[in-house]
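Heads up, the thing below is written out as structure tokens.
The values are calculated or read from the model by the stated rules, or taken from the named source; none is laboratory data. Fair warning: this is a prediction, and the values are worked out from it, not measured in the lab. Please note: Cβ atoms are built from the backbone with ideal geometry, for glycine as well, and neighbour counts cover all protein chains shown.
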Amino acid sequence: MLKAWTALVGPARGGAIEEFTIFALETNFANVLTRRREGYHEVSAPEAAAVGLHDESGAPSIHDLETSMRLHELPPLDAEDRVLLTERVLGSEITRQYYERGDYEPAWRASGQKRSCEVTAVTGAVHGGGSSNDAGRAGCG
């Protein structure tokens, strides 16, 4: 029998779903990257137009291309790792714009709340249960 889907649950991340793949669709619905600050995320000061160096074909040099790709403002960052079904409580002052930019601190979050769990697979279903009382156990059996 072929598996129809797979899910990876992270007990050490509050029970968040880190991977959820449906094989028939060939899609991992949690296939996202958390936005973090990268070395090339630097805001450049306005510079005077410089004369570019081109090769004989007239194509811009790599230095010209790099200069044209400078950022004028920093891109948004994620306040938390991107996963599916992570629980958090946000204050009423958090607007949609703050949330989209990752410019918030939740009042409470499940991530970091280690959980223990037990998973039982039966034909056509998966049954699970868990507890946050067993902080030392971070794996599912």
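Starting from residues that are surrounded by 15 or more Cβ atoms within 10 Å (Cβ to Cβ) and aliphatic (A, V, I, L, M), keep the ones in the range 9-37 and report whichever is nearest to the chain's Cα centre (by Cα).
My answer is ALA30.
Filter the range 38-77 down to the residues that are closer than 30 Å to GLU19 by Cβ and surrounded by 10 or more Cβ atoms within 10 Å (Cβ to Cβ), then identify the one that is modelled with the lowest pLDDT.
Result: HIS41.
Show the residue pairs meeting these rules: Cβ distance below 9 Å; 6+ apart or different chains; first residue within the range 105-126 and outside any strand (DSSP E or B) and at pLDDT 70 or above; second residue among the polar types (S, T, N, Q) and crowded, with 16+ Cβ neighbours inside 10 Å.
Close Cβ pairs (under 9 Å, with a partner that is among the polar types (S, T, N, Q) and crowded, with 16+ Cβ neighbours inside 10 Å) amount to ALA110/THR86; SER111/THR86.
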